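The values are calculated or read from the model by the stated rules, or taken from the named source; none is laboratory data. For clarity, every value in this text was computed on a predicted model and none was experimentally measured. Cβ placement follows ideal geometry from the backbone for every residue including glycine, while neighbour counts extend to all protein chains displayed.
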Amino acid sequence: MSFQAYLDNIQAKAGKTPADFKAMAAERGFAASEGIAPGVKATQITDGVKPDFGLGHGHEMAIVALLKGKKD
């Protein structure tokens with residue numbers, strides 16, 4: 001599955017766009033415009049996403065990659 005397919009599936013399941021997840025991560029102190037905030041671990045982000053949206057691990061890690069700026 002391509003990265004874009006992951007993002008499309010996340011949006012369909014969670015009803016949130018990549019920009020929504022970036023904004024949410026910034027509000028929670030997990031990320032800034034340049035990527036994940038210093039000292040923040042992927043597990044902190046995935047633990048925050050799981051209860052709110054019930055996404056699987058692969059989708060959660062796609063959000064982490066998005067926040068890291070590795071994919072756009």
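Couple of notes before you dig in:
- Contact annotation: residue pairs with Cβ atoms under 6 Å, 6 or more positions apart or on different chains, pairing a residue in the range 59-72 that is at pLDDT below 95 with a partner that is of a type in the set (Phe, Trp, Tyr) and surrounded by fewer than 16 Cβ atoms within 10 Å (Cβ to Cβ), are Lys71/Phe3.
- The range 1-25: number of residues that are of a type outside the set (Gly, Ala, Ser) and surrounded by fewer than 14 Cβ atoms within 10 Å (Cβ to Cβ): 7
- Enumeration of residues in the range 26-40 that are touching a Gly at 6+ places or on another chain (Cβ under 8 Å) and either exposed (fewer than 14 other Cβ atoms within 10 Å of the Cβ) or in contact (Cβ under 8 Å) with a residue 24 or more places away in the chain (or both): Arg28, Phe30, Glu34, Gly35
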